[in-house]
Amino acid sequence: MNGVHYETETDGFYGAYWKCKNKSDAAIILMLGDDPEDFMAKSGVRWLHKLGVNVMSMSPGKKDYGHHNFPLERIENAIMWLKKNGIRKIGIAGASTTGTLALTAASYFNDITLTIGMTPSDFIWQGFMRGKKDGCKEWPVEGESLFSYKGESLPFMPFVYKHPEYWKVIASESKRTGDMVNSWKLFDDSEKAHPLRPEEMIPIEKIKGKLLLIGASDDCLWDTLCISGKHDENNAACLLWNVRKNGF
């Protein structure tokens with residue numbers, strides 16, 4: 001399985017395009033893993049190829065594991081590339097932070113007619129970086145949102161904890177609960193200190209076409225809800241089967 005790689009500097013987005021063997025005019029912008037060509041991304045590509053869907057895998061950038069002021073123009077550029085290359089039906093899918101990105105992008109760009117958000121947030125929060133800094137693996141970026149558009153940060157909920165307390169709270173809660181990463185307290189305390197404003201919420205009512213939101217009852221990152229009202233681990237597979245049969 002070989003993908004064609006694209007760079008932000010030359011193509012306007014960082015990603016890889018994976019064309020399925022069967023001719024198809026549908027594609028999904030897939031944002032899984034930390035790189036468009038890592039194991040998680042390729043696993044998603046293989047699964048979608050079985051459903052007869054082309055895939056454009058994307059991530060913020062090479063060895064950039066944070067999310068801060070990600071320009072929505074990169075999604076917009078990928079959409080334009082897909083349309084120029086014969087794609088008529090475009091979907092987008094993401095998990096966790098990129099699930100939030102999927103919802104946000106779909107609310108901006110009407111060409112997206114299938115949106116899948118796995119454990120997303122329904123509001124935009126402050127941007128963050130990952131790496132190593134003062135013994136911390138993650139820290140908030142002051143004054144920056146998760147996403148930006150046309151050079152402006154989108155309105156966001158600021159974290160109540162600054163660096164290095166931000167990571168200390170996550171590390172302490174993760175140790176206390178035994179979870180790999182537990183940021184529930186970080187988000188709950190931030191929402192208490194800064195009640196969400198309407199402009200910080202993602203306007204999902206603007207999303208066109210089919211929308212699938214998948215939550216987890218044991219999510220330990222933030223309060224994620226399954227909007228469908230019932231938990232069914234086969235929901236995504238059923239929806240995509242219907243997409244293959246009936247289109248999106």
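What follows draws every value from the coordinates through simple rules; no lab data is involved. Fair warning: this is a prediction, and the values are worked out from it, not measured in the lab. For neighbour counting, all protein chains shown are included, and Cβ atoms are generated from backbone atoms with ideal geometry for every residue, glycine included.
Which of 186, 146, 101 ends up with the largest GNM mean-square fluctuation for the chain, with Cα atoms connected below 10 Å?
Highest fluctuation of the listed residues: 186.
Quick check: residue separation of residue 73 and residue 34 times 0.36 nm, minus the Cα distance between them. What number comes out in nm? Spell out each step's value before the answer.
Values: separation 39, 0.36 × 39 = 14.04 nm, distance 1.93 nm.
Full-extension gain reported as 12.1 nm.
If you stretched the chain out fully between residue 62 and residue 179, how much longer would it get, using 0.36 nm times the residue separation minus the C-alpha to C-alpha distance?
Details: separation 117, 0.36 × 117 = 42.12 nm, distance 2.76 nm.
Here the answer is 39.4 nm.
Using a 10 Å cut-off around each Cβ, can you sort 90, 204 from fewest to most neighbouring Cβ atoms?
On the way: 90 24, 204 17.
Lowest to highest Cβ neighbour count: 204, 90.
Considering the dipole of the chain built from charges on the beta carbon (Lys and Arg +1, Asp and Glu -1) around the Cα centre, which of 160, 80, 140 is farthest to its positive end?
My answer, from the dipole projection, is 80.
Using a Gaussian network model on the chain with a 10 Å cutoff between Cα atoms, which of 177, 224, 119 fluctuates the most?
Among 177, 224, 119, the largest mean-square fluctuation in the Gaussian network model of the chain belongs to 177.
Tell me the label-point distance for the pair residue 168, residue 19, using the 7 Å Cα-to-Cβ offset, in nm and rounded to one decimal.
5.5 nm
Round to the nearest 10 and give me the degree value, 0 to 90, for the angle of helix 39-50's Cα axis relative to the longest principal axis of the chain.
30 degrees
Quick one: 58, 1, fewest Cβ neighbours within 10 Å first, how do they rank? If you can, show how the numbers build up before the last one.
On the way: 58 26, 1 7.
Taking fewest neighbouring Cβ atoms as first place, the list is 1, 58.
Given Cβ point charges of +1 (Lys, Arg) and -1 (Asp, Glu) and nothing else, what value in debye, to the nearest 20, does the dipole of the chain about its Cα centre take?
Once rounded to the nearest 20, the dipole reads 1060 debye.
Show me, for the range 17-25, the HN-Hα J-couplings you get by feeding each phi into the Karplus relation (A = 6.51, B = -1.76, C = 1.60, θ = phi - 60°), rounded to Hz, glycine and proline as x.
Values per residue, Gly and Pro as x: 9, 10, 8, 6, 5, 7, 4, 8, 9 Hz.
On C-alpha positions alone, give me the angle between the axis of helix 184-193 and the longest principal axis of the chain, in degrees, nearest 10.
Roughly 70 degrees, rounded to the nearest 10.
Which pairs in the list 89/208; 133/192; 42/206 are over 23 Å apart, alpha-carbon to alpha-carbon? List each step's numbers first, then the result.
Numbers: 89/208 12 Å; 133/192 27 Å; 42/206 30 Å.
Result: 133/192; 42/206 exceed 23 Å.
For a paramagnetic label modelled at 7 Å from the Cα of residue 218 toward its Cβ, which residues of the range 173-211 fall within the zone defined by backbone nitrogen distances under 15 Å?
Correct set: 177-182.
Would you order 55, 160 from fewest to most other beta-carbon atoms within 10 Å of each residue's own beta-carbon?
Numbers: 55 27, 160 19.
With the sparsest Cβ surroundings first, the list reads 160, 55.
With axes computed from alpha carbons, what is the tilt in degrees of helix 165-177 against the longest principal axis of the chain, rounded to the nearest 10 within 0 to 90?
The angle comes out at about 80 degrees.
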